[in-house]
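The block underneath contains the structure these notes are about, expressed in structure tokens.
The values are calculated or read from the model by the stated rules, or taken from the named source; none is laboratory data. A quick note: this is a predicted structure, and the numbers were derived from the prediction, not measured. Cβ: placed from backbone, ideal geometry, glycine included. Neighbour counts: every protein chain shown. Each accessible area value is taken on the protein alone, full model and side chains, heavy atoms only, with ligands, DNA and RNA left out. Shrake-Rupley method; radii C 1.70, N 1.55, O 1.52, S 1.80 Å.
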Amino acid sequence: FRLDGEVRLPVDAWRDLDRASSIQDVVDLMDSHHVRKAIWVTEFGGYDPGDERCQALACLRTVGVMMAQRVEGALYYELYDYPHDAHPATLNLLRGGDLHRTLGFVAYQDMIAALTGATCDPDAAAVEAPEGTEFRCFERPGETIVLLWSNRADTTTARIRWDARVRHVTCTSWDPARQAMREVSQSDDPARSRTTTLHPLEFLVIVARSAQ
């Protein structure tokens, strides 16, 4: 994968990150002991803000994978480089010195807004996506949320069909090859289904509000 003429992490590395973010082994262990407690991930992250685009993609993917596995809270480490810290700000989402919000910070905000109060429901929407793409579906009262992302090196398409009629859709696209990486589009009274283009490594946060 190339961005601005520079070689970034290869596509296979992003697939590996998706797998590394999974806590399914923990969920399976809890299920084997009939434990249905809430799961909180109290530290995740440590992504280098020296490359904010990669940091943002890593944050989006990690939260998307974990929150679909009974996780109720995920806390980034380290959110803020406190002024008294002796070490340089190498792992943070927010710089204390000038209050610079990295792209990773904005991505984290997007996921908090999209998934707070939501429950993972694989049947909340029907998604037809080709090999090399990932998706997770969530629901909360009056809304269906679809997270859709690409692990492909080429552009592809996916089709989403909502189970209920929707009156408004907000789509937040994170495309690392676009100059403005984050782009938001909105549509009122959309069709019951939509075909979405996915560029290499693009991540979409799609929130559909029910018409009822």
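General observations
- Looking across the range 139-172, just one residue is farther than 21 Å from Ala191 by Cβ, among the hydrophobic types (A, V, I, L, M, F, W, C) and either free of Cβ contacts under 8 Å to residues at least 12 places away in the same chain or open to solvent by less than 20 Å² (accessible area, probe 1.4 Å) (or both), and that is Trp149.
- A search for C-beta distances below 9 Å between a residue of the range 23-35 that is under 16 Å from Thr62 (Cβ atoms) and open to solvent by less than 50 Å² (accessible area, probe 1.4 Å) and any residue that is assigned to a helix (DSSP H, G or I) and not aromatic (Phe, Trp, Tyr), counting only pairs 6+ apart in sequence or on different chains, returns Ile23/Val65; Ile23/Met66.
- Cross-chain or 6+ apart pairs with Cβ under 6 Å, the range 43-65 first and of a type in the set (Ser, Thr, Tyr), then not in a helix (DSSP H, G or I): Thr62/Phe44
- Restricting the range 116-131 to residues that are in a loop (DSSP other than H, G, I, E, B) and in contact with a Ser or Thr (Cβ under 7 Å, 6 or more places away or on another chain), the residue that is least open to solvent (accessible area, probe 1.4 Å) is Ala124.
- Matching residues in the range 176-206 - criterion: being under 15 Å from Leu60 (Cα atoms), at pLDDT 95 or above and not basic (Lys, Arg): Met181, Glu183, Glu202, Phe203, Leu204, Val205, Ile206
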